[in-house]
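Here, each number is a calculation from the coordinates, and none is a lab measurement. Treat the numbers as computed from the prediction; the structure is a model and nothing was measured. In this analysis, Cβ positions are derived from the backbone assuming ideal geometry, glycine residues included, and neighbour counts consider all displayed protein chains.
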Amino acid sequence: MIHHHPTETTLAAYAAGTLPEALAIVTATHIGRCVACRRSLETLEATGGALLEGMAPVAMAGDAWDRLLVRADEPAPQPPRILNPELPAPLSRVTFGRWWPIGFGMRYRPLRAAGAAWGGLLLASPNRSLPSHGHAGRELTCILSGSFADGTGVYEAGDLSEPVTDHDQPPVVIGTEPCLCIIASEGMRLRGLLGLVQRMIGQ
């Protein structure tokens with residue numbers, strides 16, 4: 001059962017299409033597993049549609065109809081191919097780099113995404129602490145398998161962590177299986193060996 005969700009601000013930004021790509025991918029991963037957030041998203045999208053209907057009409061460009069006809073003749077775009085069949089949507093269709101070992105019992109795989117935010121997969125063995133870090137912007141983590149605990153609670157598969165302060169006590173993997181997460185951040189700065197890897201790959 002999912003207990004941790006994105007904030008209303010993050011969910012509204014996702015509905016409006018204003019989240020950077022990496023953060024939107026993490027949010028979409030959670031929404032794919034969370035019935036409650038899918039319902040909230042439907043409400044937000046309906047509200048946005050109602051607001052658009054209430055706006056005063058604006059004149060279209062003189063060539064708008066011609067451009068529409070040209071696009072109508074174009075072939076329908078094909079959906080992105082499955083690149084990672086072992087991962088849930090939308091992660092199954094996005095591009096990742098190679099796995100980087102970042103210390104005993106921990107690996108990191110960077111996400112190839114446009115925009116200011118960066119992200120990637122993080123795999124940590126039981127009893128390992130996730131990387132110590134600080135951040136200056138929004139940070140999202142969705143658990144794909146396994147679980148971890150921090151000062152705010154226990155996070156399991158499907159849960160989304162959105163901390164508002166630095167991780168003074170890094171999350172620790174609990175249970176008997178490794179913890180696989182997808183993470184993204186606008187301003188996370190990792191410390192230690194993972195921070196070195198982050199700088200090496202330009203994130």
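Annotations for the structure displayed:
- Rg over Rh for the stretch 1-150 works out to 1.05, both radii taken from alpha-carbon positions and Rh defined as the Kirkwood radius.
- Segment Arg109..Val172, full-extension length gain: 20.8 nm, with 0.36 nm per residue of separation and the alpha-carbon distance subtracted.
- For trypsin sites (Lys or Arg not before Pro), the sites in the stretch 1-100 that DSSP calls loop and that have at most 11 other Cβ atoms within 10 Å are Arg81, Arg98.
- The separation of the stretch 94-156 from the stretch 64-87, counted between C-alpha centres, amounts to 32 Å.
- Surrounding net charge for Ser92, when Lys and Arg each add one and Asp and Glu each subtract one, Cβ distance under 12 Å: +1
- The GluC sites (Glu not before Pro) found in the stretch 68-163 that occupy coil by DSSP, while having at most 16 further C-beta atoms within 10 Å, are Glu86.
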